[in-house]
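J.: Have a look at this one before I ask anything.
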Amino acid sequence: MKFYLAPMEGITGYVYRNAYHAHFAPMDKYFTPFLAPKNNGGGFSHREKNDILPEHNQGMETVPQILTNSSQDFLRAAEDLKEYGYREVNLNLGCPFATVTAKGKGAGFLREPERLETFLDQVCEGMASLGMEFSVKTRLGAEDPLEFDRLLEIYNHFPLKELIIHPRVLKDFYKYHPKMENFAKALQDSHAPVCYNGDIFDSETYNRLTDDYQDLQAVMFGRGILMDPFLIEKVSGRPAPGQERTPKKRLEAFHSQLLEGYIEIMSGERNVLFKMKEMWAHLIRFDPGWEPYIKKLRKAQHLSEYRIITDQMFRE
Ligand SMILES: Cc1cc2nc3c(=O)[nH]c(=O)nc-3n(C[C@H](O)[C@H](O)[C@H](O)COP(=O)(O)O)c2cc1C
C-alpha cells in the first residue's frame, strides 16, 4: 500500500511536511496545499514559492497541487513547477468552500462536466508536451453521487497518473459518511489507479477499508494524521525515524521542530500561536491527561507562556 499526506491549506505547508517526515513513518507522497496561479501569468505568491522550493522539500516526494479552471493558467503553473524540478502535479476538484466553488473552481468545476472535459483535453495535451504527468483529486459530484458516472467517463478519456477520490459530494462538505458504494463502483470502473481519501482516523477504519477493497493501492490521509501522527506506523508497521524513543519523546521532537519552524518564517508570535493551537485542537485525543493543559494552551497569549505549558506536558 502507498500512503499519501493530504493537502490541507494552512496546515500541511512545508514546515509541517518536513517535521512530519523527520519524526514519523514516511509518506510515499506529500501533496502541497493548493497553489492558485494568478490569471495572466502572475505566477505564484511568495508563500506558494516557499512551499515548493526544492530546498524546502528535500528527501521526500512532493506533489504540488493546483487550483484553477483555466487550462492556460494550469499549464503555465506546471511549466514553472517543471523549472523547480517537478514532473507531477495534482488538480484540485474537491475544495467545497464557497469562495472557491462560486468561481467554478475546486468541486465547483464538477458542476460543468462539458467545460471540465475541454479543460482536461487541453491540459493533457499541454502536459504531454511538457513531459509531465498529472493526477486528479475529486469528489463524487456537486449535488448527487450519481453525477460520478459522467465524471468518471470523462476522467477515463485521459491518461491520469492517479485518481484520488474523496467519496462525498460538494454539498456534503465534510458531513455524513463517505459514500462507499459509489467509491466501490469508481474503483472498479476507473482506468487510472485509484487512491482512497476520507475519514480514516484509526487502524480499525483503515483495516476495514483495505479488507473491503483489496485492489486498493493507495490511501491518502488528512485529519487522521493531525489527530494521530503515529497512524501510518500503526496501520502498516512501516518503520519511522527515532522509533526506539517513547511516543511522547517523538511527539516532543516533532512539536519542537514545528514550533521553531513557524517562529522562523512567521511574523509575530500571535500567528505562531494560532498555528500551534490549531495543531493541538486536532491532537486532543492523544493523551487524555493533557486535556487541562490544552485548555490552558488555548488561552496563551505569548510564546513564553506557551512554552512553559508545553514543557510541563512533555515532562510529565
Ligand atoms: C483545513 C483543511 C484544509 C484543506 N485544504 C485542502 C487543499 O488545499 N486541497 C485539497 O485538495 N483538499 C484540501 N482539504 C481536504 C483534504 O485534503 C481531505 O480531502 C479531507 O480532509 C478528507 O480527508 P480526511 O478525512 O483524511 O481528512 C483540506 C481539508 C482541511 C480539513
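The values are calculated or read from the model by the stated rules, or taken from the named source; none is laboratory data. Since this is a predicted model, take the numbers as computed values, not measurements. Here Cβ is always computed from backbone atoms with ideal geometry, including for glycine, and neighbour counts include all displayed protein chains. What goes into the accessible areas is simple: the full protein's heavy atoms, side chains included, and nothing from ligands, DNA or RNA. Shrake-Rupley method; radii C 1.70, N 1.55, O 1.52, S 1.80 Å.
J.: Checking residue 274 against (1) within 17 Å of residue 223 (Cβ to Cβ); (2) surrounded by fewer than 15 Cβ atoms within 10 Å (Cβ to Cβ); (3) not charged (D, E, K, R), only one condition comes out false. Which one?
T.: Condition (1) is where residue 274 drops out.
J.: Another question, if that's okay. Identify, please: which residue in segment 105-143 is part of a loop (DSSP other than H, G, I, E, B) and open to solvent by 10 Å² or more (accessible area, probe 1.4 Å) and is, among those, farthest from residue 177 (Cα to Cα)?
T.: Here the residue is 131.
J.: Additional query: Would you call residue 153 away from the ligand (no atom under 15 Å from the Cβ), more than 29 Å from residue 214 (Cβ to Cβ) and at pLDDT 95 or above?
T.: Spelling it out, it is not the case that residue 153 is away from the ligand (no atom under 15 Å from the Cβ), more than 29 Å from residue 214 (Cβ to Cβ) and at pLDDT 95 or above.
J.: Note down all Cβ pairs under 8 Å where the first residue falls in segment 79-94 and is basic (Lys, Arg), the second is part of a helix (DSSP H, G or I), and they're at least six residues apart or on different chains.
T.: Filtered contacts from segment 79-94: 82/130.
J.: Could you tell me whether any residue of segment 84-98 is among the aliphatic types (A, V, I, L, M), within 16 Å of the ligand (Cβ to nearest atom) and open to solvent by 40 Å² or more (accessible area, probe 1.4 Å)?
T.: Taking segment 84-98 and keeping what is among the aliphatic types (A, V, I, L, M), we get 89, 91, 93, 98.
From what's left, within 16 Å of the ligand (Cβ to nearest atom): 89, 91, 93, 98.
Adding the requirement that they be open to solvent by 40 Å² or more (accessible area, probe 1.4 Å) leaves 98.
Yes, segment 84-98 contains a residue that is among the aliphatic types (A, V, I, L, M), within 16 Å of the ligand (Cβ to nearest atom) and open to solvent by 40 Å² or more (accessible area, probe 1.4 Å).
J.: Looking for whichever is touching a residue at least 12 places away in the same chain (Cβ under 8 Å) and either surrounded by fewer than 12 Cβ atoms within 10 Å (Cβ to Cβ) or in a helix (DSSP H, G or I) (or both) here; the options are 215, 311. Which one fits?
T.: Working: 311 fails: touching a residue at least 12 places away in the same chain (Cβ under 8 Å).
Residue meeting the stated conditions: 215.
Conditions tested, residue by residue: (1) among the charged types (D, E, K, R); (2) within 11 Å of the ligand (Cβ to nearest atom); (3) within 19 Å of residue 61 (Cα to Cα).
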residue: 198; (1), (2), (3): no, yes, no
residue: 214; (1), (2), (3): no, no, no
residue: 220; (1), (2), (3): no, yes, yes
residue: 230; (1), (2), (3): no, no, no
residue: 238; (1), (2), (3): yes, no, yes
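J.: Of the residues 225, 294, 284, which is assigned to a helix (DSSP H, G or I), within 16 Å of the ligand (Cβ to nearest atom) and open to solvent by less than 50 Å² (accessible area, probe 1.4 Å)?
T.: Among 225, 294, 284, only 225 is assigned to a helix (DSSP H, G or I), within 16 Å of the ligand (Cβ to nearest atom) and open to solvent by less than 50 Å² (accessible area, probe 1.4 Å).
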